[in-house]
Amino acid sequence: MLEALPVKVLIAGGFGAGKTTLVGSVSEIVPLRTEELLTEVGAAVDDVTGVERKTTTTVALDFGRITIAADLILYLFGTPGQERFWFMWDELAQGALGALVLADTRRLGSCFPSVDFFERRRIPFVIGVNCFDGVQPYPVEAVRQALDVDGEVPVLLCDARDRESVKFLLIALVEHIMATLRVADTAPTG
């Protein structure tokens with residue numbers, strides 16, 4: 001019997017983009033969540049424009065697991081979205097082979113820090129455009145252009161609440177990681 005390869009993956013994006021929902025919808029274990037109620041004190045520092053109905057926030061991380069194949073298990077680490085918790089991202093990113101950046105077109109600018117973080121660290125990532133309530137007012141190429149990401153970075157539509165949609169994103173991420181590693185292996189050394 002083959003031993004399964006564990007792969008650490010980060011789930012990132014702006015505040016209210018659906019990261020906790022995504023981890024919960026796809027995890028085959030009961031996900032670990034560090035959700036706390038939004039407070040009036042936090043309202044002074046957390047911009048809830050576009051997500052006014054949001055009542056909780058991740059204060060450390062979300063954690064879940066999904067078996068992609070008999071020999072491949074993804075460990076999902078959802079990052080907190082607010083700027084005041086970004087100090088944790090470096091710790092969470094240690095050992096990660098890839099990331100999924102969840103984009104909310106209602107607040108597209110909120111995922112720029114995640115894109116920048118992974119680009120600077122050369123961690124392969126895909127962008128999942130979360131279609132809230134099945135609505136996606138912008139074509140994928142418009143989102144790609146607005147985020148100014150390379151053509152090699154997959155940008156895909158998804159619904160963070162739908163297990164099959166999230167599995168599709170994670171498979172695309174694994175394929176992107178493998179393609180990135182192949183390119184790195186064939187690059188000339190100097």
Query - Sequence-distant residues sharing a close amide H with Val129 (under 5 Å, placed H) - result: Ala103, Leu156, Leu157, Cys158
Report summary line: The extension gain from Phe87 to Leu156, computed as 0.36 nm times the residue separation minus the Cα-Cα distance, is 22.1 nm
Query - Label-point gap, in nm, between Ala179 and Ile29 - each point 7 angstrom along Cα→Cβ - result: 3.1 nm
Requested in this report: Please list the radius of gyration and Dmax for segment 107-149, considering alpha-carbon atoms only, with Å as the unit.
Outcome: 11.2, 33
Requested in this report: Any chance you could tell me what percent of the C-alpha pair distances in segment 123-190 go past 19 Å?
Outcome: 42 percent
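Laboratory data are not the source of any read-out in this text; all were calculated from the coordinates shown. These numbers were taken from a predicted model, which means no experiment stands behind them. Methodologically, a virtual Cβ is constructed for each residue, glycine included, from the backbone with ideal geometry; neighbour enumeration extends over all protein chains shown.
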